[in-house]
Each structure stands twice: as C-alpha cells, then as structure tokens.
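The values are calculated or read from the model by the stated rules, or taken from the named source; none is laboratory data. Quick caveat: nothing in here was measured; it's all calculated off a predicted structure. Positions of Cβ are generated from backbone atoms using ideal geometry, with glycine treated the same way; all protein chains shown enter the neighbour counts.
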C-alpha cells in the first residue's frame, strides 16, 4: 500500500537569502513551509568569502556562515528544511503536484520559487581554482577587498562597464578585457569607461589562464595571461582581483514555457509583486531580479513572496 501524498501549504524551491527569508516569514505566519535547498544550499553566497554589505553584521561575516544563520532562524520558527531538489512541477491545477529528485511526490497549495541565478564564467581551470581567492562575479559584493589594488574585469556589455566604473573608484587600476574591438555597452556607459583615467581597455583580448599563490589554504591570485585575438601575442598583467562580468543565467529551466520570462530566462512577476502569471506561484530573488542581484534585495523579495503567499491562501480559504 502506497503512502499518502504529503500536502504542503507553502513549498519553497531553493535556498539562499530569498528562500530562507521567505521561509522565516512563512513559518511565522504558520504556513508550515517546506524548503528544498537545491544543488547549492545557501545559493551563490556560499562561494563568497566575506559579506560586509548586509545590514546587521558590522564586522562582516562569511557567506556560508550567514546562510547557516538564516537557515537556523527559519528552522527556529518551524521550517522543514530538506536536502535535494524539486525536479517536476505540474502547474495545471492547484494544489500543485510536485516531485523531488528522490521520487517523493507532494501537493503544494502555494509555491515560492527562489532558485537564484548562476554567474557565467569563462570555463578556465585556473579560474575555478581562484574562486574566492581573487576571482569574483560581483564587484559590488567583493570590490571593497581590492581597494588600492590592480584588478581586471572581463566583458564588453553594460554589466562589465558598470563593474569597471565601480571598481575604478576603489582600485588603483582597472583593466577591462574586451574580446572584440568595440564595447556592446550603451553609449553612456562607453563614454564613462573611456573617460575614466585609471581604466585601461584591452581590446581584442581573451584570458588564457590565471596564476597566483597556491601554497596556502586560501589561494591568492597574482595575475593573468591574455592573448591578443589578432596578433596572437601573449600579455601578462599583474592583478589581485579578476571580475567576470559576462552575465548570469537564471535557474528557471523547470518553468520554461509555463511562466512568463524575458529573453534571458528571468521570471517576470507582476508590478510591485512577486506573483507570477499562475495564481499561487511566486518568484523571488535572483531568478526574477536581473538588476540588483544583491543578498539584501533578494531577502526583501523573499519577504514579499511569503507575505503574498499568506494573503493568497487567506483569500482562497475565505
């Protein structure tokens, strides 16, 4: 005889600041939330060494420590935190039938999607080696640690131009590595970059490899080897930080063709809301925010999603 299918009032898919904050609010509203943490429990912040721009931590905190604290806070109010991933969601009727990667099936009255986004990297072995030790995908998160130092930014779009401009205010020198002979960024951003004295644009260059000190527990970046796409000559630059700004990929594949998304896969929510086009399904954090992508803004939308889920359930149960 098969076990009865579990009935859940609020299912949260994905962890990180958005998912855990949604869980805190949902649990305090007595929605008895269940959170599936996904492939990377804690989200992108678990790859960040120091977090110094999240309110309430005057001395800073490591990303993994902060995520563990948020998880404990959610569990304190009764959140059921589970390992694993949700692999299927049937959105044709509510309660929504969902399936986890262990084969377990559930019925969820509301779903909060907090699956985040994944930064795109170049795919170099040495790049992976120095993540957290000089390689970053977020200048506003990690730029402070490179104050007065030399850094490089990879990319030619608005994000790369914005990151280079931001870092130029902190760092001694910023190399902007552009694989073509022009920037894809808007004219205003191009003008800002090209008029900033301590930004040097390296046109027609690609990164071959990164190098640094690998002797200690924490690896430390020291430089990069670049290749000129036209002359094929190699160029070595001495840098302490290497910022990859070639875009993010929202982790929204499960809902393709079901929820409204923009051309890059970010879930579109209603104005001033986390509600999606399907009543009872909400999206928060980096899976629907391609503008700010900060832990504090993700937490804010996680709060919104939980409050909206609570109001939705109250309305349909009246």
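Comparison of 242, 255, 282 shows that the only residue that is closer than 22 Å to residue 138 by Cβ and buried (at least 19 other Cβ atoms within 10 Å of the Cβ) is 242. The single residue among 78, 84, 60 that is surrounded by fewer than 16 Cβ atoms within 10 Å (Cβ to Cβ), at pLDDT 95 or above and either in contact with a strand residue (DSSP E or B) (Cβ under 7 Å, 6 or more places away or on another chain) or closer than 18 Å to residue 302 by Cβ (or both) turns out to be 78. Residue-level check: of (1) assigned by TED's automatic domain parsing to the domain that holds residue 34; (2) more than 17 Å from the chain's Cα centre (by Cα); (3) under 30 Å from residue 155 (Cβ atoms), residue 105 misses just (3). In a residue-by-residue description of segment 200-207, the property of being touching a helix residue (DSSP H, G or I) at 6+ places or on another chain (Cβ under 7 Å), in the same structural domain as residue 130 (by TED's automatic domain parsing) and in contact (Cβ under 8 Å) with a residue 60 or more places away in the chain applies to no position.
State whether one or more residues within segment 290-310 are surrounded by 21 or more Cβ atoms within 10 Å (Cβ to Cβ) and out of contact with any strand residue (DSSP E or B) (no Cβ under 9 Å at 6 or more places or on another chain). Taking every residue of segment 290-310 in turn, at least one turns out to be surrounded by 21 or more Cβ atoms within 10 Å (Cβ to Cβ) and out of contact with any strand residue (DSSP E or B) (no Cβ under 9 Å at 6 or more places or on another chain).
At least 3 residues being within 19 Å of residue 157 (Cα to Cα) is the threshold, and among the strands (runs of 3 or more DSSP E) wholly inside segment 240-317 those reaching it are 241-244, 248-250. Only residues that are in contact with a strand residue (DSSP E or B) (Cβ under 9 Å, 6 or more places away or on another chain), assigned to a helix (DSSP H, G or I) and over 13 Å from residue 45 (Cβ atoms) were counted across segment 127-146, and they come to 7.
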